[in-house]
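One structure is given below, encoded as structure tokens.
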Amino acid sequence: MTDILTRAGCFIAIIIMGYVLRKINFFKEGDFAVLSKITLRITLPCAFISNFSGKQLEPSMLFISLLALGAGILYMILGFLMNLGKSKEEKAFGVLNLPGYNIGNFAIPFVQSFLGPVGVITTSLFDAGNAFVCLGGAFGVASSIKGEGRFSFKRIIKALSKSVAFLTCITMMTLGMLGITLPAPIIEFAGIVGNANAFVAMLMLGVGFKLSGDKSQIGTIVKILLVRYGMAFVWAVVFFNLPLEYEAKVALILLAFSPIGSAVPAFTEELKGDVGLSAALNSISIICSIVFMVAILLLML
């Protein structure tokens, strides 16, 4: 447990470091866009290659991916309903910032440290469905809301087709089902680059962290977190009653309480949304998730 608390504390320290470095002008506000591109197009795809490599996946296990996809779609609907009667920008922000799980950077270390191979594979499959939502799906829906004011499935497909991280995740999952392993040099390279993903993503959150002091921003953060973690308790009950091995159940419950996806602020920046609010929301969700996930491990293991 000490290792988990230490790692979680390091994540928070990196976020604080990024914030302080921006405050002393080591980073400029525009550097957030550079860090977000590095995360979305380089380190996160390499992390997917490293995490999926060598794992044999069965097609029958795809229902776990569908669970993640279903959860993401429900969160998108809730994000829209929470902002009925508000501006298109606020609706788009809710749809983009409520769903998505930070699995590659955050949840996987918890699972790897306390659960066996069953937990790791369960997490990888869940992440595949999660990737559809947080690596392009939610961005496509939010773009439709903000740009056209109506749903556009074509826009979602376009967003997903341009997402390097999503395409990498789907490719690696397909190779896992076919039993195909990438050459060792590629895996070694991806592992080295992918190991930097957690650092770059957390640093990005610190650089982007900014609140204007407007009370409406505080209200938005509280409302989104209450809905998100309230639904996490519902998912926990559902996951615990699934006909799965105990390790798989624990893994899914941990994932339900994992933070908002680290790529979300980067997509918010691409959508020209409130990046500071998104980064603040993302950072606070990490602190909340640390508390919940450590409690779950203490209760269930």
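Residues that are of a type in the set (Asp, Glu) and part of a helix (DSSP H, G or I) do occur in segment 185-207.
Just so you know, in segment 158-186 the residues that are of a type in the set (A, V, I, L, M, F, W, C) and in contact with a Gly (Cβ under 8 Å, 6 or more places away or on another chain) include one that is surrounded by the fewest Cβ atoms within 10 Å (Cβ to Cβ), and it is Leu160. Of all residues assigned to segment 61-70, at least one qualifies as being at pLDDT 85 or above, among the hydroxyl-bearing types (Ser, Thr, Tyr) and under 15 Å from the mean Cα position of the chain (by Cα). Restricting attention to segment 253-283, the residues that are part of a helix (DSSP H, G or I) and either modelled with pLDDT under 90 or crowded, with 24+ Cβ neighbours inside 10 Å (or both) total 19.
Being assigned to a helix (DSSP H, G or I) and either polar (S, T, N, Q) or in contact (Cβ under 8 Å) with a residue 12 or more places away in the chain (or both) is true of Phe32. Checked against (1) closer than 26 Å to Arg22 by Cβ; (2) among the acidic types (Asp, Glu); (3) surrounded by fewer than 15 Cβ atoms within 10 Å (Cβ to Cβ), Glu245 meets all criteria but (1). Taking first residues from segment 179-192 that are at positive phi and partners that are loosely packed, with under 10 Cβ neighbours inside 10 Å, no Cβ contact under 9 Å between residues at least 6 apart in sequence or on separate chains turns up. For Ile187, the conditions (1) over 20 Å from Leu135 (Cβ atoms); (2) more than 21 Å from the chain's Cα centre (by Cα); (3) at pLDDT below 85 are fulfilled apart from (3). Here the helices (runs of 4 or more DSSP H) wholly within segment 82-137 that include at least 3 residues being of a type outside the set (Gly, Ala, Ser), at pLDDT 80 or above and more than 14 Å from the chain's Cα centre (by Cα) are 88-97.
Residue by residue, here is whether (1) without any contact (Cβ under 8 Å) to a residue 12 or more places away in the chain; (2) under 18 Å from Ile187 (Cα atoms); (3) surrounded by 13 or more Cβ atoms within 10 Å (Cβ to Cβ) holds:
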residue	(1), (2), (3)
Ile16	no, no, yes
Leu21	no, no, yes
Lys28	yes, no, no
Leu44	no, yes, yes
Ile49	no, yes, yes
Gly54	no, yes, no
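For Glu247, the stated conditions hold: it is touching a residue at least 12 places away in the same chain (Cβ under 8 Å), assigned to a helix (DSSP H, G or I), among the charged types (D, E, K, R) and within 18 Å of Leu115 (Cβ to Cβ).
The values are calculated or read from the model by the stated rules, or taken from the named source; none is laboratory data. Please read these numbers as outputs of a predicted model, since none were measured by experiment. We place every Cβ from the backbone using ideal geometry, glycine too, and count neighbours over all the protein chains shown.
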